[in-house]
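This report concerns only the one structure given below.
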Amino acid sequence: MQKVIDYFFRNPRFFLIFRNKLQNNLISEKNVIRKRIKLNKNSKMLDFGCGTGDFCLLFDMSQYTGVDIDDKFIEFNKSRFKGYNFIKVEEGKSLPFRGSYFDKILVFGVLHHISDNSIKQILMELNRVLSDSGEVLLYDQLPSDEQKKFFAKVLVKFDRGKFLRGSEQLKILLKNHFKIKENYKIRSGPYTLCVFVLKKS
Ligand SMILES: C[S@@+](CC[C@H](N)C(=O)[O-])C[C@H]1O[C@@H](n2cnc3c(N)ncnc32)[C@H](O)[C@@H]1O
């Protein structure tokens with residue numbers, strides 16, 4: 001069963017259709033981005049683990065860079081969003097950007113795909129490429145005991161990401177690398193999501 005689910009969700013087209021239906025075209029997420037990410041003309045923003053790259057359209061193409069470890073998603077995005085910058089990255093390697101390059105970083109629904117062994121290096125890299133005055137806007141799905149809707153409790157059990165962490169666990173992890181400026185929960189479709197606004201520490 002899990003293998004079948006993983007097979008479909010690694011297909012960018014299937015992922016896009018399913019995700020938009022389930023999470024109401026990502027309206028909650030887009031509202032959080034619009035409210036929290038205001039860019040100046042020369043600002044740069046990184047969408048880490050960009051998946052199908054839908055958030056790029058909220059930004060000018062000169063400001064946006066999306067990265068993902070899955071080349072199927074990167075190729076899919078390059079053909080859908082011509083002129084936008086999408087780059088394949090590799091887990092365990094440094095991000096291909098100089099220090100302090102980005103003013104804003106989005107990490108939406110990515111951490112539950114990353115093991116405890118890898119996460120420290122990734123958070124250090126995100127801290128390195130964030131400017132001193134920059135901010136990270138991050139959310140992650142919560143595990144079933146912190147989901148409110150029964151359907152979400154079931155869905156997270158079958159999620160491709162196998163490292164769902166509770167809100168307190170996420171807080172402890174993130175505190176080791178960033179200052180937590182804000183932390184709250186939002187609903188997106190059936191899911192309860194834990195949102196963090198982080199500053200460089
Ligand atoms: C649930 S999807 C979320 C996609 C997108 N952020 C969104 O909200 O629509 C998680 C994405 O993180 C990517 N990912 C997982 N581990 C990663 C890593 N170490 N570096 C970059 N991307 C990663 C996956 O390939 C997948 O596309």
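The values are calculated or read from the model by the stated rules, or taken from the named source; none is laboratory data. As the structure is a computational prediction, the values presented were derived from the model and not from experiment. Note that we place each Cβ from the backbone using ideal geometry, even for glycine, and neighbour counts take in every protein chain shown.
Details
- Residues that are buried (at least 18 other Cβ atoms within 10 Å of the Cβ), farther than 16 Å from G49 by Cα, of a type outside the set (D, E, K, R) and out of contact with any Ser or Thr (no Cβ under 6 Å at 6 or more places or on another chain), drawn from the range 122-142: G134
- Residues located in the range 143-159, provided they are within 8 Å of Y191 (Cα to Cα) and of a type in the set (A, V, I, L, M, F, W, C): A152
- Every residue from the range 1-49 that is in a loop (DSSP other than H, G, I, E, B) and within 22 Å of R160 (Cα to Cα): M1, R10, N11, Q23, G49
- Applying the condition of being without any contact (Cβ under 8 Å) to a residue 24 or more places away in the chain and polar (S, T, N, Q) to the range 148-201 and asking which residue is surrounded by the fewest Cβ atoms within 10 Å (Cβ to Cβ) yields Q169.
- Single condition Q23 does not satisfy, out of (1) over 18 Å from H112 (Cα atoms); (2) within 12 Å of the ligand (Cβ to nearest atom); (3) at pLDDT below 90: (1)
- Residues of the range 92-108 that turn out to be modelled with pLDDT of 95 or more and either more than 26 Å from M61 (Cβ to Cβ) or within 8 Å of the ligand (Cβ to nearest atom) (or both), as a count: 3
- Hits in the range 43-58 - residues which are farther than 23 Å from R10 by Cα and in contact with an Asp or Glu (Cβ under 9 Å, 6 or more places away or on another chain): S43, K44, M45
- Tabulated pairs, the range 75-91, first in contact (Cβ under 8 Å) with a residue 12 or more places away in the chain and farther than 17 Å from F59 by Cα, second surrounded by fewer than 18 Cβ atoms within 10 Å (Cβ to Cβ) and hydroxyl-bearing (S, T, Y), C-beta under 6 angstrom, 6+ apart or interchain: E91/S118
- Across the range 39-51, the number of residues qualifying as more than 13 Å from the ligand (Cβ to nearest atom), at pLDDT 95 or above and over 16 Å from E135 (Cα atoms) comes to 0.
- Among the residues of the range 14-26, those identified as surrounded by 12 or more Cβ atoms within 10 Å (Cβ to Cβ) and either touching a strand residue (DSSP E or B) at 6+ places or on another chain (Cβ under 8 Å) or at negative phi (or both) are F14, F15, L16, I17, F18, R19, N20, L22, Q23, N24, L26.
- Residues of the range 57-71 that turn out to be within 9 Å of the ligand (Cβ to nearest atom) and over 20 Å from K44 (Cα atoms), as a count: 2
- Which listed residue is surrounded by 14 or more Cβ atoms within 10 Å (Cβ to Cβ), in contact with a Gly (Cβ under 9 Å, 6 or more places away or on another chain), among the charged types (D, E, K, R) and at pLDDT 90 or above, from D54, D70: D70
- Out of F76, F48, sole residue that is more than 16 Å from the chain's Cα centre (by Cα) and surrounded by 21 or more Cβ atoms within 10 Å (Cβ to Cβ): F76
- Matching residues, the range 82-91, being within 13 Å of the ligand (Cβ to nearest atom) and touching a helix residue (DSSP H, G or I) at 6+ places or on another chain (Cβ under 8 Å): F86, I87, K88, E91
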